[in-house]
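Take a look at the structure below.
The values are calculated or read from the model by the stated rules, or taken from the named source; none is laboratory data. No experiment lies behind these values; they were computed from the predicted model shown. Neighbour counts are summed over all protein chains in view; Cβ atoms, including those assigned to glycine, are modelled from backbone coordinates with ideal geometry.
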Amino acid sequence: MNHVFLISGDDRCRKEEYLSFLKQTKEIADGEVEIFDASKVKYFSFPLFFRSLASRSLLVNGKRMVILKDAYFLSTCHTKGNDGDLEYFQREMSLYLKDPNDQIVLVIYMDEETLDARKKLVKFLKKEAIDQQTFMALKPWEFPAYAKEQLHNEKIFLDQEAFEELLLRVQHDRFLLKKAIEKLQLVPKKRYGVKEIEEMISYSVEVDVFALGNVFLEGNLKKTWKILRRFQQAGLDTQAQMALLAFRIRNLYDIKELFELGYDEETIAIRLRMKPYAIRKGLESCSCCSALSLLKILKELGDLDQEIKTGKRDPKQGFEYFVIRNGRTYAGD
């Protein structure tokens, strides 16, 4: 029976579900889980980690779960660490895998960080007899059908406008969808309208910044105005909204430019200090545009900003005209 697991991928919902499944099937008590956060060199102790793997459960015939979380030496982060520590990890892990502690369920869990297949220790682990589970997020065009299926399974029915609003708020994220469904179940209704979704399902400015760039480039003016209205309700003035849109477009331009130069997703992630998952999502959202077309949008936003600052353009009218005119101007350039 396998007692060592490697869990990675960008679908955090399914990763959490699988971790819960392991705790249940391996009969791990709540107090028998120990987490080692290995995302930072100075906070992680290799000897302490391996000492824990050698210890026994406090319960008679019980099992313990040891979680090695976001190990910097396995991820795409830029921290290299000490070569001696990395050699120590490979040596000790190799010995452990030959004779694992039958009371320990070891989970190497990539939560916030992304597994880097190019690193020596990752290659080492993948060659070993451990259970490897990779959970990848759905593509944007796959998510609506998945969301409808999940809502149907829970007997939750939404008007079409309410469904579209829900998708805006969860942004193709299974974890956010799961949380949204849990909230809707707290207030049962035969059918939910857009008003209920707006009242019950929260959104974050961070999520909306990415959504704004996506729906703008899609040419979906209705969704673009909806997000901009939310920014206004949050107290952001027109120039702040312009800055947020420019931030996202600039981010997509950097990604697209490197992609057009022939770099792969992992290399782009390293150069821009982003996660490969974010690079993949960025490329999907700007698939209809070239780097040049994104640069044109940035230039127009910059010109508009200067005209507003010099008093030549009214901020609100100028930005609204820009959004209406450019919603689909560059799509497919």
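List the helices (runs of 4 or more DSSP H) inside region 166-237, counting only whole elements, that have at least 1 residues being within 22 Å of Cys13 (Cβ to Cβ) and within 20 Å of the chain's Cα centre (by Cα). Talk me through it step by step, then tell me what you get.
Numbers: elements: 174-186, 194-200, 205-218, 221-233.
Answer list for region 166-237: 174-186, 205-218.
Please work out which residue is surrounded by the fewest Cβ atoms within 10 Å (Cβ to Cβ), limiting yourself to region 256-277 and to residues that are assigned to a helix (DSSP H, G or I) and of a type in the set (D, E, K, R).
Restricting to residues being assigned to a helix (DSSP H, G or I) and of a type in the set (D, E, K, R), the top hit is Glu260.
Check region 149-165 and report whether any residue there is out of contact with any Leu (no Cβ under 7 Å at 6 or more places or on another chain) and within 30 Å of Lys296 (Cβ to Cβ).
Looking for residues that are out of contact with any Leu (no Cβ under 7 Å at 6 or more places or on another chain) and within 30 Å of Lys296 (Cβ to Cβ), one finds at least one in region 149-165, hence yes.
Restricting region 219-245 to residues that are charged (D, E, K, R) and buried (at least 16 other Cβ atoms within 10 Å of the Cβ), which is nearest to Pro276 (Cα to Cα)? Before you say what the answer is, go through the steps one by one.
Within region 219-245, the subset charged (D, E, K, R) is 222-223, 226, 229-230, 237.
Next, only the ones that are buried (at least 16 other Cβ atoms within 10 Å of the Cβ) stay: 223, 226, 230.
Numbers: Lys223: 27, Lys226: 29, Arg230: 29 Å.
Per the criteria, the residue is Lys223.
Only one of (1) of a type in the set (Ser, Thr, Tyr); (2) over 26 Å from Met136 (Cβ atoms); (3) in contact with a Leu (Cβ under 7 Å, 6 or more places away or on another chain) is not met by Ser290, so which one is it?
(3)
Would you mind finding the one in Glu161, Glu165 that is in contact (Cβ under 8 Å) with a residue 60 or more places away in the chain, outside the structural domain of Glu17 (by the TED database), touching a helix residue (DSSP H, G or I) at 6+ places or on another chain (Cβ under 6 Å) and more than 29 Å from Ser75 (Cβ to Cβ)? Spell out how you get there, then give the answer.
Details: Glu161 fails: in contact (Cβ under 8 Å) with a residue 60 or more places away in the chain.
Being in contact (Cβ under 8 Å) with a residue 60 or more places away in the chain, outside the structural domain of Glu17 (by the TED database), touching a helix residue (DSSP H, G or I) at 6+ places or on another chain (Cβ under 6 Å) and more than 29 Å from Ser75 (Cβ to Cβ) holds for just one of Glu161, Glu165, which is Glu165.
When both residues are 6+ apart or on different chains and their Cβ atoms are under 7 Å apart, which pairs have a first residue that lies in region 23-37 and is assigned by the TED database to the domain that holds Tyr109 and of a type outside the set (Ser, Thr, Tyr), and a second that is exposed (fewer than 13 other Cβ atoms within 10 Å of the Cβ) and not in a strand (DSSP E or B)?
Pairs that qualify, where the first residue is assigned by the TED database to the domain that holds Tyr109 and of a type outside the set (Ser, Thr, Tyr) and the partner is exposed (fewer than 13 other Cβ atoms within 10 Å of the Cβ) and not in a strand (DSSP E or B), are Asp37/Tyr43.
Rundown of residues vs (1) over 25 Å from Lys179 (Cβ atoms); (2) out of contact with any Leu (no Cβ under 8 Å at 6 or more places or on another chain); (3) free of Cβ contacts under 8 Å to residues at least 24 places away in the same chain, yes/no style:
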{"position": "Leu221", "(1), (2), (3)": "yes, yes, no"}
{"position": "Asp237", "(1), (2), (3)": "yes, yes, no"}
{"position": "Leu258", "(1), (2), (3)": "yes, no, yes"}
{"position": "Thr310", "(1), (2), (3)": "yes, yes, yes"}
{"position": "Asp314", "(1), (2), (3)": "yes, yes, yes"}
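Between Phe175, Phe216, which is modelled with pLDDT of 85 or more, buried (at least 20 other Cβ atoms within 10 Å of the Cβ) and either over 24 Å from Glu307 (Cβ atoms) or of a type outside the set (Asp, Glu) (or both)? Before the answer, list the steps.
Numbers: Phe175 fails: buried (at least 20 other Cβ atoms within 10 Å of the Cβ).
Going through Phe175, Phe216 in turn, just one is modelled with pLDDT of 85 or more, buried (at least 20 other Cβ atoms within 10 Å of the Cβ) and either over 24 Å from Glu307 (Cβ atoms) or of a type outside the set (Asp, Glu) (or both): Phe216.
Given Leu59, Leu125, Leu86, which one is over 25 Å from the mean Cα position of the chain (by Cα), assigned to a helix (DSSP H, G or I) and at pLDDT below 95?
Values: Leu59 fails: assigned to a helix (DSSP H, G or I); Leu125 fails: over 25 Å from the mean Cα position of the chain (by Cα).
After ruling out the rest, the residue left standing is Leu86.
Kindly indicate whether Phe73 is outside any loop (DSSP other than H, G, I, E, B) and either more than 24 Å from Lys178 (Cβ to Cβ) or small (Gly, Ala, Ser) (or both). It would help to see each step written out before you state the result.
Values: outside any loop (DSSP other than H, G, I, E, B): no; either more than 24 Å from Lys178 (Cβ to Cβ) or small (Gly, Ala, Ser) (or both): yes.
The answer is no for Phe73.
Using the structure shown, decide if Ile249 is modelled with pLDDT of 90 or more and more than 21 Å from Asp208 (Cβ to Cβ). Lay out the reasoning, then the answer.
Working: modelled with pLDDT of 90 or more: yes; more than 21 Å from Asp208 (Cβ to Cβ): no.
No, not satisfied.
Of the conditions (1) more than 18 Å from Pro276 (Cβ to Cβ); (2) touching a residue at least 60 places away in the same chain (Cβ under 8 Å); (3) among the aliphatic types (A, V, I, L, M); (4) crowded, with 19+ Cβ neighbours inside 10 Å, Met93 fails just one. Which one is it?
(2)
In region 96-122, how many residues are within 27 Å of Ala278 (Cβ to Cβ) and not in a strand (DSSP E or B)?
Number of matching residues: 12.
Quick check: anything in region 246-255 closer than 17 Å to Glu218 by Cα, surrounded by fewer than 17 Cβ atoms within 10 Å (Cβ to Cβ) and among the hydroxyl-bearing types (Ser, Thr, Tyr)?
No, every residue in region 246-255 fails to be closer than 17 Å to Glu218 by Cα, surrounded by fewer than 17 Cβ atoms within 10 Å (Cβ to Cβ) and among the hydroxyl-bearing types (Ser, Thr, Tyr).
May I ask you to list the residues in region 260-275 that are touching an Asp or Glu at 6+ places or on another chain (Cβ under 8 Å) and touching a residue at least 24 places away in the same chain (Cβ under 8 Å)? Walk me through how you get there before you give the answer.
Going residue by residue through region 260-275, those that are touching an Asp or Glu at 6+ places or on another chain (Cβ under 8 Å) are 266, 272, 275.
Within region 260-275, Glu266, Lys275 qualify.
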